[in-house]
Structures are given as structure tokens and as C-alpha cells.
Amino acid sequence: NLIAITGHELRTPLSTIQVCLESLASEPDMPLELQQVMLTTALSDSERMRKLVQDFLTLSNLESGRVEWHPESLTLQECVDLALSRLRTRSTAEKPPTIKTQIAESLPLVRADGDWLVEVLAKIIDNACKFTPTSGQITIKAHQNSNYEVEVIVADTGRGIEPNRLEIVFDRFYQEEGALRRTAGGTGLGLAICRQIVNGWSGKIWAESQGKEQGSQFHFTIPIVQSSQELEKIKR
């Protein structure tokens, strides 16, 4: 499975890059406009390859325990803004669906590694964008639950998930349509990486959906920054 997916996902952009470079090398009189198209395409696919390789390395480091965590006190809204900013700078051929945030200003501070929290948010939102039409909507919500945690929900109006697949979507290399028939692209590592990160701060992550074409909701929890009074209550 690993060899099939890796080969497919790396070969496709590499083939495109090769065609673009060969065209530029063999046709010196190519119009400048077409040259620019070739260069833009090659650069875009080389970035795609870089991200694929980075996902493999990231998951390998997380699973082997080679990651150093640097927890700090954070506002969730700032992390969401950073994640959305990262997605907007990414070049994409299609316009993304509408993304709305519903995060109360009174939400307590969370305690997590900021870089990894932004990574989780970005990957879950990116996953929602892949499976939601441009006419659809993605909503990012959060609230404090009864376990001294903030629960984050990324809900979309996309294709949904069958009930028997709600757990396996977090498996490594999982792809709904199989390795040879994918329409959304990617390695199927994004949600597996998210699960490893959330587990790293002792949180929980899960998916909910009513089924096909019913949209999906991805939930994960983050510990909140505890006051001394709250810590005493927990100890009792």
C-alpha cells in the first residue's frame, strides 16, 4: 500500500515537471506567455512533491517519538487565523468553499505547542476543502467541555462519511476512493498526522457524519490553561 501510494503520488507531479522542463529546453523560441505557464506548472508540482515528502517525514517523526513538544498558553482564534492564512497563500486552481469561524472571545486559553496546533487546524480545514464543493460551507466552532478542555469542531457540507468509515479515516494512507481512482489527491496522511499530534497533548480526535452527501464534522480537544483554583478541584 505504501509503495503503491508513494509511487503514484510522486510520479504524477514528477512527470509534469519533466514534460515542462523538456519543453522549455527543446523549444527556445517558445512564446514568453507559454514559457511562464510551463514554469508556473513545474514550480507548483515541485511544491506538491515537497509537501508529500514532508508529510512522510512528519508522520515518521511523530510515530517514532522524535518530536520535542513545546507547550505554551495560546488563544485558539490566533491559531485558527494562522491556519487560514496558510491555506490562503497556497496556490489552487479552484476557489475554496466559504469558511466561517464561530469562536467566542470568552473561550479560555489552551495549552499546546503552537506550531503543531496550527498544523492540525490547517490539515483538517484543508481536508474539508477537498471534499466540499465551492458552493458549500465550512464552519469552525469551539467551546469548553466539562473535562477542562476546549473542543474544536470543523464542520462542512461536503460529501460526508459512511458510519463504518468514521474510525478508519484516521488510518495511515487511507483513501476513500482507492489509490488508483482518487479525485481529491494527497497521500491519505493528513488525518493520521492530526491524530498523532492530538494524542501528543493527550487530547482526543474523532469524526461524525450522517452518511454520504450529509457533510462531516471533525472534532478534537485541547487542554485549557488551568488556574490554581481549578487545579485544586481536579486533585480533589
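The values are calculated or read from the model by the stated rules, or taken from the named source; none is laboratory data. Computed from a predicted model, the values in this text were never measured in an experiment. Cβ placement follows ideal geometry from the backbone for every residue including glycine, while neighbour counts extend to all protein chains displayed. Just so you know, the surface numbers come from the protein's heavy atoms only, side chains and all, with ligands and any DNA or RNA stripped out. Shrake-Rupley method; radii C 1.70, N 1.55, O 1.52, S 1.80 Å.
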Restricted to the stretch 115-166, and to residues that are touching a His at 6+ places or on another chain (Cβ under 9 Å) and more than 19 Å from G190 (Cβ to Cβ), which residue is surrounded by the most Cβ atoms within 10 Å (Cβ to Cβ)? V150
Out of curiosity, is E72 on the phi < 0 side of the Ramachandran plot and free of Cβ contacts under 8 Å to residues at least 12 places away in the same chain? no
Within the stretch 75-88, does at least one residue satisfy the condition of being of a type in the set (D, E) and open to solvent by 60 Å² or more (accessible area, probe 1.4 Å)? yes
Looking for whichever is under 16 Å from the mean Cα position of the chain (by Cα), surrounded by 11 or more Cβ atoms within 10 Å (Cβ to Cβ) and at pLDDT below 95 here; the options are L57, L52. Which one fits? L52
Looking across the stretch 127-144 at residues that are touching a Pro at 6+ places or on another chain (Cβ under 9 Å) and part of a helix (DSSP H, G or I), the single one that is nearest to G215 (Cα to Cα) is A128
Would you confirm whether any residue within the stretch 9-16 is in contact (Cβ under 8 Å) with a residue 60 or more places away in the chain and either surrounded by 14 or more Cβ atoms within 10 Å (Cβ to Cβ) or among the hydroxyl-bearing types (S, T, Y) (or both)? yes
The number of residues in the stretch 215-236 that are surrounded by fewer than 20 Cβ atoms within 10 Å (Cβ to Cβ), modelled with pLDDT of 95 or more and more than 16 Å from S146 (Cβ to Cβ) is 1
Looking for something within 18 Å of the chain's Cα centre (by Cα) and open to solvent by 10 Å² or more (accessible area, probe 1.4 Å) - is there at least one such residue anywhere in the stretch 104-112? no
What do you reckon, is L62 open to solvent by 80 Å² or more (accessible area, probe 1.4 Å), closer than 25 Å to L10 by Cα and out of contact with any strand residue (DSSP E or B) (no Cβ under 7 Å at 6 or more places or on another chain)? no
How do the pairs read when you match residues in the stretch 52-68 that are touching a residue at least 12 places away in the same chain (Cβ under 8 Å) with residues anywhere that are open to solvent by 60 Å² or more (accessible area, probe 1.4 Å), using Cβ under 9 Å and keeping only pairs 6 or more apart or on different chains? L59/R172; L62/N199; E63/R172
C129 at pLDDT below 95, in contact with a Gly (Cβ under 9 Å, 6 or more places away or on another chain) and not β-branched (V, I, T): yes
Being in a loop (DSSP other than H, G, I, E, B), charged (D, E, K, R), touching a helix residue (DSSP H, G or I) at 6+ places or on another chain (Cβ under 9 Å) and at pLDDT 90 or above is the filter here; which residues of the stretch 153-212 pass it? K204
